[in-house]
Amino acid sequence: MKQRKLGYFIGKKILKLLCLLIVVCIASFWIVEQSPIDPVRAYIGEMSIQPEQKAKLEEYWGVNTPSHEKFMNWAGNILKGDFGISLIYRMPVTDVMKERFTASIILMASSWLMSGILGFILGIIAGMKNGTLVDKVIKTYCYILIAAPTFWLALIMLLVFSVYLGWFPIGLGIPIGTVADDVTFLDRIHHLILPTITLSLLGVASIAMFTREKLIEVMSSDYILFAKARGERGLGLIMRHGIRNVALPAITLQFLGFSELFGGAVLVEQVFSYPGIGQAAVAAGLRSDVPLLLGIVIVSTIFVFFGNLVADIIYEFIDPRIKQQEMTT
C-alpha cells in the first residue's frame with residue numbers, strides 16, 4: 001500500500017513538473033519576444049557594420065521569423081536534447097550552463113548549509129531564551145535581515161570587507177590575470193567566501209524565526225512538562241526533546257527556500273561579478289540571447305522544483321506529524 005502511494009505521489013509530481021515546464025517555457029518565450037532589445041544591436045554594440053553583414057546577423061538570430069515558428073523550432077530541438085547555441089558565448093548552451101551552473105551550485109550549496117546551520121542555532125538559542133535580551137537581539141537581527149534588499153546587503157559586504165578592509169577580492173571567481181590551470185583551490189575558496197557569507201545571511205532569518213516559534217511551542221507541550229516533572233532540565237531537555245521535534249520542520253522549510261536561494265544568487269553573483277548561472281542569465285536577458293536565457297529558465301525551474309519535491313517527501317512520508325499539525329490548526 002505504501003509503495004502504491006509512493007508511486008502515485010511520484011507520478012503526480014512528474015506530471016506537475018511537465019505542466020510547469022510547458023507553462024514556464026511559453027511564458028518566458030513570450031516575455032522575451034516582447035522585449036524591445038534588438039539582439040543584433042546588443043551584440044555589435046557601438047560598432048558600425050555593413051547592411052549585408054547586419055542582414056546575415058538578423059538571419060542568424062531569426063529576427064524576422066514569426067514568433068510561433070521560432071517557438072516551435074526551439075521546442076522541437078529541446079525535445080531532442082538540443083538547447084541551441086548561445087549567441088553571446090558562441091558555444092552550445094549546455095556547455096555554458098554546465099560551466100556556470102557548477103560554479104553556482106558550489107556557491108548556493110555552501111550558502112544553503114551555512115544559512116541552515118546558523119539559522120537553526122540562532123532559533124534554538126532564541127527559543128531557549130524566550131523573552132530575554134538575547135531573544136530580542138536575535139529577533140531584531142532577523143527582522144533587519146528580512147527587510148534588507150539582497151543587492152544592498154551584497155554592496156555593503158563588498159564595500160566593507162573588500163574595499164575598506166581588503167580582506168577579500170572585489171569580485172570574480174579567480175584572481176585577475178591568472179591562467180585557469182594556475183588557479184589553486186585556496187584561490188577559489190578565497191573568492192568564494194564573501195559571496196557565500198552574503199548569500200547565507202539572507203536565509204538565516206526565516207529559519208531562525210521558524211525554529212524559535214516551533215521550539216517555544218514544543219517546550220510548552222504536555223510531554224515537556226512531564227519530562228520536567230521527572231527532573232529533566234536545561235540543555236539536556238532541549239537536546240532530547242526540543243531539537244528532535246523541530247529539526248525536520250526546519251529542514252523542510254530550508255528545502256522550500258530553494259527559489260529564494262536561487263533568486264538571491266542571481267543578485268549576489270551580479271554584485272560580486274561571480275561567474276555563475278545568475279550572471280549568465282542577466283547577460284542573456286540584456287543581450288537577448290534567447291537560447292541561453294530559456295535554457296537557464298528550464299534548469300532553474302527544475303532546480304527549484306527539486307527543492308520543493310524534497311520538502312514534500314519529508315512532509316508526506318518522513319514526518320506525517322507536520323501534515324497532522326497543519327490540519328489541526
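Is there any pair with a first residue in the stretch 180-194 that is under 16 Å from THR102 (Cβ atoms) and modelled with pLDDT of 70 or more and a second that is outside any helix (DSSP H, G or I) and not hydroxyl-bearing (Ser, Thr, Tyr) whose Cβ atoms are under 6 Å apart and which are 6 or more apart or on different chains, and what are they?
From the stretch 180-194, the pairs are HIS191/PRO169; HIS191/GLY173.
Checking the structure you have, find out if any residue of the stretch 125-145 is among the hydroxyl-bearing types (Ser, Thr, Tyr) and surrounded by 15 or more Cβ atoms within 10 Å (Cβ to Cβ).
Pass one, the stretch 125-145, residues among the hydroxyl-bearing types (Ser, Thr, Tyr): 132, 140-141, 143.
Subsequent filtering for residues that are surrounded by 15 or more Cβ atoms within 10 Å (Cβ to Cβ) retains 141.
Taking every residue of the stretch 125-145 in turn, at least one turns out to be among the hydroxyl-bearing types (Ser, Thr, Tyr) and surrounded by 15 or more Cβ atoms within 10 Å (Cβ to Cβ).
Could you check GLY81 against (1) exposed (fewer than 15 other Cβ atoms within 10 Å of the Cβ); (2) over 23 Å from the mean Cα position of the chain (by Cα); (3) in a helix (DSSP H, G or I) and say which number it fails?
Failed condition: (3).
Determine which member of the set THR140, THR102 is polar (S, T, N, Q), within 30 Å of SER220 (Cα to Cα), free of Cβ contacts under 8 Å to residues at least 12 places away in the same chain and assigned to a helix (DSSP H, G or I).
Working: THR102 fails: within 30 Å of SER220 (Cα to Cα).
Criteria check complete, one pass: THR140.
If you scan the stretch 264-314, which residues turn out to be outside any helix (DSSP H, G or I) and aromatic (Phe, Trp, Tyr)?
Of the residues in the stretch 264-314, the ones outside any helix (DSSP H, G or I) are 273-276, 287-289.
The answer is TYR274, and nothing else.
Filter the stretch 262-280 down to residues that are surrounded by 24 or more Cβ atoms within 10 Å (Cβ to Cβ) and either outside the structural domain of ALA109 (by TED's automatic domain parsing) or not acidic (Asp, Glu) (or both), then give me how many there are.
Initially, the stretch 262-280 is screened for residues surrounded by 24 or more Cβ atoms within 10 Å (Cβ to Cβ), giving 264-265, 268-269, 272, 274, 276-278, 280.
From the residues that got through so far, the ones that are either outside the structural domain of ALA109 (by TED's automatic domain parsing) or not acidic (Asp, Glu) (or both) too are 264-265, 268, 272, 274, 276-278, 280.
Selection size over the stretch 262-280: 9.
Does VAL299 count as assigned by TED's automatic domain parsing to the domain that holds LEU192, modelled with pLDDT of 70 or more and over 21 Å from the mean Cα position of the chain (by Cα)? Explain how you work it out, then say what you get.
Values: assigned by TED's automatic domain parsing to the domain that holds LEU192: yes; modelled with pLDDT of 70 or more: yes; over 21 Å from the mean Cα position of the chain (by Cα): no.
Considered against the rule, which asks whether it is assigned by TED's automatic domain parsing to the domain that holds LEU192, modelled with pLDDT of 70 or more and over 21 Å from the mean Cα position of the chain (by Cα), VAL299 comes out as no.
Residues checked against (1) modelled with pLDDT under 80; (2) surrounded by fewer than 14 Cβ atoms within 10 Å (Cβ to Cβ); (3) on the phi > 0 side of the Ramachandran plot; (4) not assigned by TED's automatic domain parsing to the domain that holds GLU269:
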site: LYS54; (1), (2), (3), (4): yes, no, no, yes
site: SER67; (1), (2), (3), (4): yes, yes, no, yes
site: TRP74; (1), (2), (3), (4): yes, no, no, yes
site: LEU87; (1), (2), (3), (4): yes, no, no, yes
site: LYS98; (1), (2), (3), (4): no, yes, no, no
site: THR102; (1), (2), (3), (4): no, yes, no, no
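Within the stretch 9-27, is even one residue under 13 Å from PRO291 (Cβ atoms), at pLDDT 80 or above and not assigned by TED's automatic domain parsing to the domain that holds VAL299?
As a first pass, look at the stretch 9-27 and keep what is under 13 Å from PRO291 (Cβ atoms): 25.
Next, only the ones that are at pLDDT 80 or above stay: 25.
With not assigned by TED's automatic domain parsing to the domain that holds VAL299 added as a condition, the list becomes 25.
Within the stretch 9-27, one or more residues are under 13 Å from PRO291 (Cβ atoms), at pLDDT 80 or above and not assigned by TED's automatic domain parsing to the domain that holds VAL299.
Taking the stretch 247-261, which residues are aliphatic (A, V, I, L, M) and either under 22 Å from LEU21 (Cβ atoms) or not assigned by TED's automatic domain parsing to the domain that holds ILE193 (or both)? Outline the logic, then answer.
Pass one, the stretch 247-261, residues aliphatic (A, V, I, L, M): 247-248, 250-251, 253, 256, 261.
Selection gives LEU256, LEU261.
The values are calculated or read from the model by the stated rules, or taken from the named source; none is laboratory data. If you're wondering where the values come from, they're calculated on a predicted model, not measured in any experiment. Using ideal geometry, Cβ is built from the backbone for each residue, glycine included, and neighbour counts are taken over all protein chains shown.
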